[in-house]
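First the structure, in the form of structure tokens, and then the observations on it.
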Amino acid sequence: MEVTMELVLKVAEWLLLATVLLGFRYIRNDRIGIVEKRWSRKGSVKSGLIALEGEAGYQPDVLRGGLHWLMPLQYAVHTAPLVAIGQGRIGYVFARDGKALEPTQALASNLTAGDFTDAADFLRGGGQRGPQRKLLREGTYAINLAQFVVFTQGQVYRLALAEDEARIMQETSAALAERNGFEPLVLMGEHDEVGLVTVHDGPALANGDIIAPIVGGTEDASHNSFQDPEKFLAAGGRRGRQLQVLVEGTYYVNRLFATVERIAKTVVEVGTVGVVVSYTGETGADLSGADYKHGELVKKGQRGVWAEALLPGKYPFNTYAGKVVLVPTTNFILKWIRSESGAHKFDENLTEVSLITKDAFEPSLPLSVVVHIDYRKAPLVIQRFGDIRRLVEQTLDPMVSAYFKNVGQMRTLIQLIQDRSGIQEQASREMKEKFAHYNLELEEVLIGTPRSSQGDTRIEEILVQLRQRQIATEQIETYARQEAAAAKERALREAQSRAERQTALTESELSIAIQANEGKASYERALQQAAQVKAMAEAESEKVARLGVAQAIAVEEQVRAYGGPQFQLTHQVMSRFAEAVQASGVDLVPKVVVGGAGGAKSGAGGVLEMLLTMLLSERLVQTAGASGGTPDPAAAALRRELFDSLKAK
């Protein structure tokens, strides 16, 4: 009996020693121990997963590195790694136990329970189960993985509890990775990006709203740009697309709470303004005036078309909250030409204007219109037409086409071609008022050459004729200019020759001057001589006249004496003959007479008598005839007188 009791005591000592030894647990410093209580006098946990009151189940506290003693058989220890979040990374927490979420919640609130390293404090503080709003930033955490599941990039920290849980956790991790949820949101200034935020938690938008207003009505920084969900919701934030945008910077945003879409900033280039059409905001008073009946203009921030356009610059504009219509403020060209368009592409669908001229031609007229929009009137234009392209296609195109169709009907094709400048000026003047009606400023109208339709060559034939006519005109002008050039060239050559022979020319000019002076002197002498001759002639003339008068009287007496005009004529001829013979010095009577039947008398008077006979024969005959053949005594006497006179001379 004593041996038996001694054996029992030894066995008990060994069992006690074994129990003591088996109750020790060693936890490495890079791991934690999650304690599971297998049985307890308090029974199992009535609700939830974590035993806060010592019940059987997973205990809220974890064992850190070192040696720990726990009652064998009553406790089981599950070792797990410490949760490590790398630099610039984000960790997401999922609570397995806690209060249920409210119907309006998508994520668990951490307003009163946000310490994930103390499960008991988390649960006693009203922590909620499910995905948490609070993030884990860089660092190492000793977290009870029976209560929490931590999602990090490339790893899910958890204590395996259920078979399907692994699949669910992997799907959640993949969704976060797809949203780049494990990295902070970085918006770089060099990319000119802004972030459009969509919140997935909190109260819904008010009826009629399409976008959540800015918290507090301004760029409120109380929620630190959506990085603090609790403050955002406490300030009245609502789920949905947010009017507030994120600009350059680094943001640690819970991607389960809010997703961010990157878009480029709205750039208003120089030479344009941006007219804002806002889809959100309060309804404001109309600023367009009573005379404007095409819509309302409102202040900045109100719903509608803003009365003030955005000037050139870059703007973090939320494209879900409205749109910015760019309006050029520099002159832009609208081309009614099928194959061409302006830089702004407002006229892509415009074609040439089809005309019917006064002489029944059907040309197509290409034209361009230079337009300017006052930047202060740009909101009026957008309010009225929506955008510039709609203005061009639905208003300006039919208006301009109709105007030039009317112009074409009043002119022939030739007039349309030749009066292009006048038509341009007239169109620019008359269409300014039409454009001003649409808050536009017409700068200039430019008309091209009318074109014929495909296969029609009549217009080309007329143009060929006009070209030939112009060529002929230009040739005439060319010939005239060539003639003028030739004259100029001749004058130039004369000037050159004159310059080359200036000395000789000077001498000749002096000689001409001298000769001219001598000529003038000779002329003066000649004038004097002429005056003298004239005086002598006048005297001689007077003398001759007097002599003639005397002779006339004598002749008249002789005529009376000798009988009539016939004898007078014969007497004058004989007198002149005698004077001629006397002046010539010819011997009428030869000095030597050779032969002759009549002797001296016959030789001396043969020729003379013959001549006298010839001169006086008519008179003698007449006299003889008159007297019946007997010579007239007066004629015989005259004959003797003449003969004696000649013989004496």
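Per-residue answers, yes or no, for (1) of a type in the set (Lys, Arg); (2) touching a strand residue (DSSP E or B) at 6+ places or on another chain (Cβ under 8 Å); (3) surrounded by fewer than 19 Cβ atoms within 10 Å (Cβ to Cβ); (4) part of a strand (DSSP E or B):
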| site | (1), (2), (3), (4) |
| --- | --- |
| Ala206 | no, no, yes, no |
| His223 | no, no, no, no |
| Leu243 | no, yes, no, yes |
| Val267 | no, yes, yes, yes |
Can you list the strands (runs of 3 or more DSSP E) found entirely within region 83-182 that contain at least 1 residues being of a type in the set (S, T, N, Q) and free of Cβ contacts under 8 Å to residues at least 24 places away in the same chain?
-> 155-157
Somewhere in region 8-24, is a residue modelled with pLDDT of 90 or more and either under 30 Å from Arg255 (Cα atoms) or in a loop (DSSP other than H, G, I, E, B) (or both)?
-> no
Given the conditions (1) closer than 30 Å to Arg241 by Cβ; (2) over 17 Å from the mean Cα position of the chain (by Cα), every one holds for Leu355 apart from (1)
Scan region 371-392 and report the pairs whose first residue is on the phi > 0 side of the Ramachandran plot and whose second residue is in a loop (DSSP other than H, G, I, E, B) and small (Gly, Ala, Ser), with Cβ atoms within less than 6 Å and a gap of 6+ or a chain change.
-> none
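Looking at region 225-241, which of its residues are outside any loop (DSSP other than H, G, I, E, B) and not small (Gly, Ala, Ser)? Quick ask: steps written out before the conclusion?
Pass one, region 225-241, residues outside any loop (DSSP other than H, G, I, E, B): 229-234, 240-241.
Answer for region 225-241, where residues must be outside any loop (DSSP other than H, G, I, E, B) and not small (Gly, Ala, Ser): Pro229, Glu230, Lys231, Phe232, Leu233, Arg241.
The values are calculated or read from the model by the stated rules, or taken from the named source; none is laboratory data. Every value quoted in this text rests on a predicted model; they were computed, and no experiment measured them. Note that each Cβ is placed from the backbone with ideal geometry, even for glycine, and that neighbours are counted across all protein chains shown.
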